[in-house]
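Structure first, commentary second.
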Amino acid sequence: MEQLTPHVYRLHIADTHAFHPGGTNIYFVGDPKREMVLVDSGEQDRKWTRQILKAYRELGRPRITAIVITHGHTDHIGGLDRVHAVIKAPVRCHPKLVDQLAAFLGTKKVVALRPRERIATGAGAVLQAWFTPGHAVDHVCYSLRSDGVVFTGDTILGSSTSTVQDLPRYMRSLATIQRLGPRTICPAHGKVVTATASWVNEYTSHRNLPERQVLEAVKAGVSDVDEMVKRIYPKNLKKKLRPAAANNVRQHLAKLKKEKRVTEVPARYTIPGLKRR
Ligand SMILES: [Zn+2]
């Protein structure tokens, strides 16, 4: 475990997921002698849970006032039941994730966050929740103003780009993080980022760049998503990452279609073997 700022302690868990190189980060926020908040509960894997609970003991078993969740993907909530069995703090998450987590833990244990809600962590440090959909519909980032930190979950990663479900919303979420002007970005995966402005810019332009390339591909007469992926992405793109790349292209096309900058031609139907006169 590593102390990053006066109120932020990071537990790094090594994993080898293709979508997020650089492993996973779990954070304890606050003052170990007083109160703390836990950010995310990791994968269902017992090895992960053991590491989280070991870190908790190393901190001296501080009183945990809340377990805050960045979003409902399994590598962030999978270990929640086992972690919660030891750290019996209320679980706080996006309203759209409440039912799923309540079914898992029991209704009274999960409480929906309000947009921009402030969560005290002890020692005067306060986390603030920012609804940041895009990577997932239920994504929440948390800012810790006293330390100049934003916990970006999977919206901004430390060692790679993220996958996106809803591009226009994702772009707005990046802008929200940019406005918060963090000195340190604490992502759920990969390295902690201190060159924050350039990293956020790179993230934004990475999303804008494929948009331009998608548009150029359409102009050049390419109308098939797989063909666009071949044109836009490097030739050595890992096979595992191709569906994510195709999804990224589809997201751009959906956005461009909404903005009436491209049109989609509906499929044409014919009878096999029928010759036109
Ligand atoms: Zn993740």
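The values are calculated or read from the model by the stated rules, or taken from the named source; none is laboratory data. All figures in this text were calculated on a predicted structure; none of them were measured in a lab. Cβ atoms come from the backbone with ideal geometry, glycine included; neighbour counts cover every protein chain shown. Side chains are part of the model used for accessible areas, which takes the heavy atoms of the whole protein and leaves out ligands, DNA and RNA. Shrake-Rupley method; radii C 1.70, N 1.55, O 1.52, S 1.80 Å.
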*Distance in nm between label sites at residue 54 and residue 33, each 7 Å beyond Cα in the beta-carbon direction?*
2.7 nm
*Using helices alone, what [θ] at 222 nm do you get for the chain, with -39,500 (n - 2.57) per DSSP H run of 4 or more residues, divided over all residues and rounded to the nearest 500?*
-10500 deg cm²/dmol
*Sorted from largest down, what three extents in whole angstroms do the Cα atoms of the range 205-258 have along their principal axes?*
29, 21, 17
_Heavy-atom surface of the range 144-230, accessible at 1.4 Å and reported per residue (Å²)_ = 45 Å²
*Where q = 0.12, 0.17 Å⁻¹, what log10 of I(q)/I(0) comes from the Debye formula for the range 128-277, counting one point per Cα?*
-0.58, -0.98
_Antiparallel versus total DSSP beta bridges in the chain: what percent is that, nearest 5?_
65 percent
*At q = 0.14, 0.16 Å⁻¹, base-10 log of I(q)/I(0) for the chain (Debye sum, equal scatterers on each alpha carbon)*: -0.97, -1.20
*Leaving out ligands, DNA and RNA, what percent of the accessible area of the range 2-194 is carbon and sulfur, probe 1.4 Å?*
50 percent
*When the distances between all Cα atoms of the range 50-112 are binned every 10 Å from zero, what whole-number percent does each bin get?*
22, 57, 21, 1
*Over the range 205-258, what percent of the accessible surface lies on carbon and sulfur atoms, probe 1.4 Å?*
52 percent
*Against the longest alpha carbon principal axis of the chain, how many degrees, from 0 to 90 and to the nearest 10, is the axis of helix 242-258 turned?*
70 degrees
